[in-house]
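One structure below.
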Amino acid sequence: MRHTISSLACIAFLTSAAPSFAQDEEKKEFLGPVEIGDGVTLDPILDVRFRAETADQETFAEDALSVTVRARAGAELKVKGFSIIAEGEFTEALEHDYNDTIPGNGIEPFPVIADPETTELNRLNIGYKGENFSAKVGRQRIIHEAARFIGNVVWRQNEQTFDAARVIGNLGPVEIDQTYSISQRTIFGSESPNEDFDGDFLFTKVAADLKPERLDGYRYEIDYATRLAFSSETYGATASGSVPAGPVKLGFKGSYATQSDTGANPVDYSADYYLAEGSLSFKGWTLRGQHEVLGSDGGVAAFQTPLATAHKFNGYADLFLVTPATGLRDTNVRLQKKFAIEGLPSGLIVQLTYHEFDSDFGGFDYGTEVDAVVRMKLGPVGLLMKYGDYDTQGFGPDTTRFTVQAGVSF
């Protein structure tokens with residue numbers, strides 16, 4: 001009851017007093033760069049996000065409540081195609097009745113909410129961008145395939161970045177994207193022993209944007225120095241697009257990938273990934289059906305995505321951030337409605353999703369989940385509420401998570 005009252009108080013404060021918004025995607029900067037010389041611009045960066053999140057798991061006697069504020073501050077200097085960006089990231093907990101994943105805090109009576117306090121260098125890189133070529137070296141944000149395999153974990157307060165060198169070239173509609181990284185800078189923050197995972201990471205992606213269709217091919221080699229069980233090599237391809245049918249737009253997406261062990265991974269395995277997706281959009285309504293399989297090699301090991309924004313895909317209750325050894329089959333249906341409301345240029349978006357979770361090997365029924373999102377935006381101002389309710393069939397504990405957040409980004 002104490003947590004429920006505190007949560008409601010936080011929600012009331014955020015929705016009435018907070019200046020803006022943070023949604024589950026990359027936010028745009030609303031203030032343009034300042035010209036400080038001939039061909040020289042300075043673009044200040046300020047991103048502040050308030051969040052209240054609760055987690056209720058049946059295996060814990062008490063519910064978790066976190067109230068955190070995250071700030072990113074820095075600047076980007078551009079000089080005739082060249083750029084330098086520096087950005088710090090800071091997270092502070094205002095209410096700390098939750099397991100923040102940092103060891104040494106004693107026995108945690110609460111479920112995990114992975115928003116620990118941190119003070120760290122989020123990005124620092126030098127880049128160049130020409131007409132058909134760009135390059136960047138240093139600590140940077142990298143997102144591939146809508147963050148399904150490589151992402152920045154934008155949902156959590158602390159962003160995931162990479163110490164890397166990246167080159168992108170364009171040949172007509174074809175884009176070639178090559179990255180070599182030596183470190184994954186995780187969401188767990190500057191006080192965690194898991195602040196970073198070093199290794200040799202090679203990301204290769206070739207995309208053909210044929211409008212309205214798009215084809216992507218990729219190879220990801222992840223060779224950890226210490227996190228050996230997640231070292232893998234993945235090859236895959238994705239085809240997506242849309243087809244107009246009168247007032248209705250039909251969308252499709254299909255993916256296949258195969259993954260095997262690499263480096264010093266102690267397990268010899270091979271597993272496949274499949275995705276089949278179809279959608280129908282009409283007058284602000286979108287209905288999407290999806291079947292995603294992260295395969296298993298006989299129950300010994302499964303297809304893993306340790307660099308992904310995993311929260312985005314297999315349920316907001318976060319039961320499947322790591323794929324079980326018996327694999328995962330996620331069959332889900334999503335209904336979304338965008339309401340055009342006077343005074344809200346971006347309208348109001350309401351989204352409902354239903355998941356059926358099963359194993360890929362062994363015939364296990366993992367459970368079901370209902371997810372909901374409500375968000376709206378007024379220029380740089382907006383709000384987001386998110387709910388995930390997982391009902392177990394024996395895989396993990398019944399889990400309910402609820403989040404309200406607000407922020408501002410310049």
Each label point is 7 Å from the Cα along the Cα-to-Cβ direction; what then is the distance between the points at Glu191 and Val112, in nm? 1.8 nm
Compute, for the chain, the length of the dipole vector about the Cα centre, with Cβ point charges of +1 (Lys, Arg) and -1 (Asp, Glu) only. Units Debye, rounded to 20. 1740 debye
The simple spin-label model distance between Leu378 and Asp209, using points 7 Å out along Cα→Cβ, in nm, is 3.3 nm
So, for segment 223-302, what is the accessible surface per residue at a probe of 1.4 Å, expressed in square angstrom? 48 Å²
Any idea which of Ile113, Gly172, Thr161 is furthest toward the positive side of the dipole for segment 44-195, if Lys and Arg beta-carbons carry +1 and Asp and Glu beta-carbons -1? Gly172
Taking the dipole of the chain about the Cα centre (Lys, Arg +1; Asp, Glu -1; charges at Cβ), the one of Gly32, Thr234, Asn122 that reaches farthest to the positive side is Gly32
At R0 = 41 Å, FRET efficiency that the Cβ-Cβ distance of Ala61 and Asp38 yields, to 0.05: 0.05
Based on Cα positions only, what radius of gyration and what Dmax would you give for segment 112-253, in angstroms? 17.3, 55
How are the Cα pair distances of segment 320-410 distributed, in percent, across 10 Å bins from 0? 15, 36, 26, 17, 6, 0
With a 1.4 angstrom probe the carbon and sulfur portion of accessible area for segment 93-224, in percent, totals 58 percent
Kirkwood hydrodynamic radius (C-alpha pairs) into Stokes-Einstein, segment 25-165, 37 °C and 0.692 mPa s, D in µm²/s: 190 µm²/s
Heavy-atom accessible area per residue, segment 28-173, 1.4 Å probe: how many Å²? 45 Å²
How large is the dipole of segment 257-312 about the Cα centre if only Lys and Arg carry +1 and Asp and Glu carry -1, each at its Cβ, rounded to the nearest 20 debye? 480 debye
From Cα pairs below 8 angstrom and at least 6 apart in sequence, can you work out the relative contact order of the chain, rounded to a whole percent? 14 percent
Peptides 333-346, 369-382, 290-303 ordered by average Cβ neighbours within 10 Å, highest first: 290-303, 369-382, 333-346
Thinking of the chain as a set of Cα atoms, what percent of all their pairs are more than 37 Å apart? 22 percent
What 222 nm value per residue comes from the helices of the chain, counting each DSSP H run with n ≥ 4 as -39,500 (n - 2.57) and dividing by all residues, nearest 500 deg cm²/dmol? -1500 deg cm²/dmol
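The values are calculated or read from the model by the stated rules, or taken from the named source; none is laboratory data. As the structure is a computational prediction, the values presented were derived from the model and not from experiment. Note that each Cβ is placed from the backbone with ideal geometry, even for glycine, and that neighbours are counted across all protein chains shown. Remember, those area values only see protein heavy atoms, side chains included, never the ligands or the DNA or RNA. Shrake-Rupley method; radii C 1.70, N 1.55, O 1.52, S 1.80 Å.
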